[in-house]
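Worksheet for the structure shown next.
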Amino acid sequence: MSAVSLGMPTVHSLPGESLAPRRKSRRIMVGPVPVGGGAPVSVQSMTTTLTADVNATLQQIAQLTASGCQIVRVAVPSQDDVEALPAIAKKSQIPVIADIHFQPKYVFAAIDAGCAAVRVNPGNIRQFDDKVGEIARAAGDAGVPIRIGVNAGSLDKRLLQKYGKATPEALVESALWECSLFEEHGFRDIKISVKHNDPVVMIQAYRQLAQACDYPLHLGVTEAGPAFQGTIKSSVAFGALLAEGIGDTIRVSLSAPPVEEVKVGTAILESLGLRERGLEIVSCPSCGRAQVDVYTLAEQVTSALEGFPAPLRVAVMGCVVNGPGEAREADLGVASGNGKGQIFVKGEVIKTVPESQIVETLVEEALRLADQMGVDLPEELRDLVPGPIVTVH
């Protein structure tokens, strides 16, 4: 008797029904990307190149775009960087946000350069309060939103004196105070971030902020650390908030190439059902029952399918106890043992192959499934699509 298919979510289903409803916020437009107001949570990153080096910056933006980044921020600490903004904003495939510290005049230059948004840090902008009216008029006339970006490490001295340190209350008060200055001039095209390197403080700050205003919120754990530590801290903080419906756009801050930030951010959203999943490798943790080197096999499968354009769940299992059941739950899978691998497609065993052929067989079946789903495969992959499945009983 053939195996019973337990079924999988369709490509377009988002299994997020168990999450809290999204917080209702106003919507702003960062170029063509909507933020807030029920729009999908977007993923951001920031270039690490010298912004003044236009070619290097555009090359990194292209890499980020290819990895799924939707909004990119560039640092603008000098006049040379300001002069590079028009070319970068014009040639970038995704909206460019200018990150401004210390110099209010750079805000006006970034708006004139065609940047999609400007981030200002109230604690660092000299004479910021006195310039808000001018900035509001310039941004409003150009249709450019402003991000009020409060950081624990650069909190306004007035608030540090009041609270003693960067508490959640201090971060929120800073953000809302600066928003109120813009509001006095009728400008509300704003999004807010209140970042801290401690996920607990960050979560508390965003919870308070979500209750206090309806502006869209940019989530971030600032200075999160190297890749492993930063991924854990960001995942914990973003997961807690997004599961409560809080957060409209995210940036994972890692001491790693910015493409890695985008990968982590995308994976966080996919794991919460907030973004249609892409390729997902499900592999067992291995144990004494395993009859194959699961670690190596999972790495080989992951490497072989890296960048695969179809949203498939691929299971790599190492024993006959849980392996067949888990493999049946996936779009494609293998349950390994005794030097062989049972290959499952949509819950059905289609063949058994030697261990040495598991990876190539999974790639073949992944290509076949992608072709059946109507995925637009690159030409070099289309040529590799095998013929119809021949079921081996």
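The values are calculated or read from the model by the stated rules, or taken from the named source; none is laboratory data. A quick note: this is a predicted structure, and the numbers were derived from the prediction, not measured. As a convention, Cβ positions derive from the backbone with ideal geometry for all residues, glycine included, and neighbour counts pool all protein chains shown. These area figures cover heavy atoms from the full protein model, side chains too; ligands, DNA and RNA do not enter into them. Shrake-Rupley method; radii C 1.70, N 1.55, O 1.52, S 1.80 Å.
Quick notes on this structure:
- Gyration tensor analysis over the Cα atoms of region 108-212 returns equivalent ellipsoid semi-axes of 25, 14, 12 Å (largest first, whole Å).
- Whole-number accessible area per residue in Å² for the chain, which is evaluated in the context of all protein chains at 1.4 Å: 46
- Most fluctuating residue given options V264, V345, V201, as computed from a GNM of the chain linking Cα atoms under 10 Å: V345
- Helix axis angle, 128-142 relative to the chain longest principal axis, alpha carbon, degrees: 60
- In this simple spin-label model, placing a label point 7 Å from the Cα along the Cα-to-Cβ direction at both A20 and A66 gives a separation of 4.0 nm.
- Once the trypsin sites (Lys or Arg not before Pro) in DSSP loops with at most 11 neighbouring Cβ atoms within 10 Å are cut out of the chain, the longest remaining piece is 166-393.
- Between the helical axis of 199-212 and the longest alpha-carbon principal axis of the chain there is an angle of about 60 degrees.
- By the Stokes-Einstein formula, at 1.567 mPa s and 4 °C, region 58-98 with its Kirkwood radius over alpha-carbon pairs has D equal to 125 µm²/s.
- By a 1.4 Å probe calculation restricted to protein chains, D112 has an accessible surface near 130 Å², given to the nearest 10.
- Between D112 and E276, the FRET efficiency from the beta-carbon distance, with R0 = 45 Å, is close to 0.75.
- Antiparallel beta bridges, as assigned by DSSP with both residues in the chain, represent about 30 percent of the total such bridges.
- Degrees between helix 227-243 axis and first principal axis of the chain (Cα, 0 to 90, nearest 10): 80
- Calculated FRET value between D53 and K90, using beta carbons and R₀ = 22 Å, to 0.05: 0.85
- Between Q372 and Q300, the contour length at 0.36 nm per residue exceeds the Cα-Cα span by 23.5 nm.
- Computed from the Cβ-Cβ distance with R0 of 41 Å, the FRET efficiency linking E223 to E184 stands at 0.80.
- Surface/4 estimate of mean projected area, convex hull on alpha-carbon atoms of the chain, nm²: 21.3
- Note that region 25-30 has calculated 3J(HN,Hα) couplings of 9, 6, 9, 10, 10, 9 Hz, one per residue in order, obtained from phi through the Karplus relation 6.51 cos²θ - 1.76 cosθ + 1.60 (θ = phi - 60°); glycine and proline are x.
- Hydrodynamic radius of region 24-67 by the Kirkwood approach over all distinct alpha-carbon pairs: 12.2 Å.
- Listed residues I232, I358 arranged by accessible area, highest first, probe 1.4 Å: I232, I358
- For the chain, adding -39500 (n - 2.57) for each run of n ≥ 4 DSSP H residues and dividing by the number of residues yields -12000 deg cm²/dmol at 222 nm.
- Residues whose amide H lies under 5 Å from that of T167, counting only those 5 or more places away or on a different chain, are absent; hydrogens are built 1.01 Å from N in the peptide plane.
- Lys, Arg +1 and Asp, Glu -1 on Cβ, resulting dipole of the chain about Cα centre, debye, nearest 20: 960
- Extension gain from V385 to K162, taking 0.36 nm per residue of separation minus the Cα-Cα distance: 73.7 nm
- For the residue pairs K165/K195; K90/K195; K105/K162, the alpha carbons lie more than 23 Å apart in K90/K195; K105/K162.
- Evaluating 6.51 cos²θ - 1.76 cosθ + 1.60 at θ = phi - 60° for every residue in region 34-48, the Karplus couplings come out as x, 10, x, x, x, 5, x, 5, 9, 10, 10, 8, 9, 5, 10 Hz, glycine and proline recorded as x.
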